């Protein structure tokens, strides 16, 4: 279904991109600007890696809803960009498998057999955003384990986690703004599924070398993880 060469996963060079479809754009819902300390640190780390890489092109994987402006930004930095809208892909009913008791459950092994099919040590950085709070719970840890394989040693990941469920926390498409500012485009039809506490987050990234937490004033925790 999805591989590095077709489907939801695509390599972008130059200024190519995929604009949002009307169904994904929450009917033109206004964006909200948010200053992100974690994203600012993520970008500073990435800029340092770019300087030390010389002529070698770095690779970044964006797992959120596709943003053409984000693709343009990273390609203009000379990076290779791959995107996979993991939340959207996980809603495919083909990944629901009938159990012996007659219930249907999401099959993470089947999903990862068709998504994030990259070689080990492929990426220098990953934008995980806050998808762990919205995808099927059985997919969260296997997905992070797959990222651990495809992220290079000392590679960096940025993740967001909601600190509490306020009952009206929409899923956002994140567009990179100026400096450490993110433009957040709400998609009202997608609701928060769960809240991970700090211990849960530590356990999710237990195989990584380091984790650094930032707590925003809007009940969104930001985590910088280094493999």
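The values are calculated or read from the model by the stated rules, or taken from the named source; none is laboratory data. These numbers come from a predicted model, not from an experiment. Cβ placement follows ideal geometry from the backbone for every residue including glycine, while neighbour counts extend to all protein chains displayed.
Overview of results
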quantity: Unmet requirement for residue 139, which otherwise passes all of (1) in contact with a strand residue (DSSP E or B) (Cβ under 8 Å, 6 or more places away or on another chain); (2) within 26 Å of residue 217 (Cβ to Cβ); (3) assigned to a helix (DSSP H, G or I); calculated: (2)
quantity: Filter result for residue 170 (touching a helix residue (DSSP H, G or I) at 6+ places or on another chain (Cβ under 8 Å) and farther than 14 Å from residue 63 by Cβ); calculated: no
quantity: Segment 178-198: number of residues that are free of Cβ contacts under 8 Å to residues at least 60 places away in the same chain and surrounded by 17 or more Cβ atoms within 10 Å (Cβ to Cβ); calculated: 1
quantity: Residue 97 vs. criteria surrounded by fewer than 20 Cβ atoms within 10 Å (Cβ to Cβ), at negative phi and not in a helix (DSSP H, G or I); calculated: yes
quantity: Answer residue from segment 75-92, given it is without any contact (Cβ under 8 Å) to a residue 60 or more places away in the chain and crowded, with 20+ Cβ neighbours inside 10 Å and is farthest from residue 43 (Cα to Cα) among those; calculated: 86
quantity: Looking only at segment 135-147, and only at residues there that are surrounded by fewer than 18 Cβ atoms within 10 Å (Cβ to Cβ) and out of contact with any helix residue (DSSP H, G or I) (no Cβ under 7 Å at 6 or more places or on another chain), the one that is farthest from residue 226 (Cα to Cα); calculated: 137
quantity: Qualifying positions in segment 199-227 - at pLDDT below 90 and either surrounded by fewer than 20 Cβ atoms within 10 Å (Cβ to Cβ) or more than 15 Å from residue 130 (Cβ to Cβ) (or both); calculated: 215, 216, 217, 218, 219
quantity: Selection count, segment 176-198, where residues are under 16 Å from the mean Cα position of the chain (by Cα), part of a strand (DSSP E or B) and under 28 Å from residue 210 (Cβ atoms); calculated: 3
quantity: Yes/no for residue 154 being outside any helix (DSSP H, G or I) and surrounded by 15 or more Cβ atoms within 10 Å (Cβ to Cβ); calculated: no
quantity: Check on residue 190, touching a strand residue (DSSP E or B) at 6+ places or on another chain (Cβ under 9 Å) and closer than 18 Å to residue 158 by Cβ; calculated: no
quantity: Meets criteria (surrounded by 18 or more Cβ atoms within 10 Å (Cβ to Cβ), in contact with a helix residue (DSSP H, G or I) (Cβ under 6 Å, 6 or more places away or on another chain), assigned to a strand (DSSP E or B) and modelled with pLDDT of 95 or more) for residue 132; calculated: no
quantity: Some residue of segment 76-86 being in contact with a helix residue (DSSP H, G or I) (Cβ under 6 Å, 6 or more places away or on another chain), modelled with pLDDT of 95 or more and under 15 Å from residue 173 (Cα atoms); calculated: yes
quantity: Scope segment 105-124; condition over 19 Å from residue 151 (Cα atoms) and part of a loop (DSSP other than H, G, I, E, B); matching residues; calculated: 107
